[in-house]
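Trainee: Below is a structure I'd like to ask you about.
Quick note: the coordinates plus some simple rules give every number you see, no bench work behind them. Since the structure is predicted, the reported quantities are computational estimates derived from the model, not experimental observations. Heads up, the Cβs are rebuilt from the backbone with ideal geometry, glycines too, and the neighbour counts pull from every protein chain shown.
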Amino acid sequence: MENITVTQIETLLRNICFDIKKKGREILSDYDITPPQFDALQFLINEGEMTVSELSGKLFLAPSTITDLIDRMEKNSLVIRIRDESDRRIVKVQVQEKGHSLIGLVIARRCNYLQTLLKNMAVEDMERFAGYLEILAAKSI
């Protein structure tokens with residue numbers, strides 16, 4: 001590629017993200033979990049238990065929407081609500097074993113999909129590509 005522009009890079013990244021997101025949604029449909037539930041479980045697993053308002057801020061969703069989301073996840077034994085011992089008004093959400101297992105299965109399938117996309121890439125190119133992605137990820141935080 002000669003003289004690639006930032007606009008071209010943005011378009012490529014957007015298209016790749018869209019395709020991966022689309023495939024991710026297909027995978028989620030096999031496990032009876034919605035994309036917002038997947039996102040919520042990811043945040044809870046990666047950052048630990050959170051209050052409804054903390055999770056609301058992470059997902060950019062209204063607290064009432066998060067409450068409904070948690071209700072459905074709790075009904076499916078993916079999470080559990082835990083009341084704070086010192087202040088009963090504070091309720092934290094914690095991932096249960098079924099939620100951890102489900103996320104593990106979904107992530108494994110998503111990685112398998114990505115592996116098929118990258119199968120023809122040389123190891124050195126993949127290492128270089130990962131390095132570039134790490135640079136972008138570090139800048140976006």
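Trainee: Cβ contacts < 6 Å: first residue basic (Lys, Arg), restricted to region 49-70; second residue assigned to a helix (DSSP H, G or I), any location; separation 6+ or different chain. Result?
Mentor: Lys58/Phe43
Trainee: Oh, and also: Of all residues in region 73-101, count the ones that are within 19 Å of Ser29 (Cα to Cα) and out of contact with any helix residue (DSSP H, G or I) (no Cβ under 7 Å at 6 or more places or on another chain).
Mentor: Adding up the residues that qualify gives 5.
Trainee: Would you pick out the residues in region 17-46 that are part of a helix (DSSP H, G or I) and of a type in the set (Val, Ile, Thr)?
Mentor: Ile20, Ile27, Ile45
Condition check ((1) in contact (Cβ under 8 Å) with a residue 60 or more places away in the chain; (2) assigned to a helix (DSSP H, G or I); (3) among the charged types (D, E, K, R)) across all residues:
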residue	(1), (2), (3)
Glu74	no, yes, yes
Arg88	no, no, yes
Met121	no, no, no
Asp125	no, yes, yes
Lys139	no, yes, yes
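Each row is one residue, and each column tells you yes or no for (1) among the aliphatic types (A, V, I, L, M); (2) surrounded by 13 or more Cβ atoms within 10 Å (Cβ to Cβ); (3) farther than 26 Å from Gln115 by Cβ; (4) touching a helix residue (DSSP H, G or I) at 6+ places or on another chain (Cβ under 7 Å).
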| position | (1), (2), (3), (4) |
| --- | --- |
| Glu10 | no, no, no, no |
| Arg14 | no, no, no, no |
| Phe18 | no, no, no, no |
| Lys23 | no, yes, no, yes |
| Ile27 | yes, yes, no, yes |
| Tyr31 | no, yes, no, yes |
| Pro35 | no, no, no, yes |
| Leu41 | yes, yes, no, yes |
| Thr67 | no, yes, yes, yes |
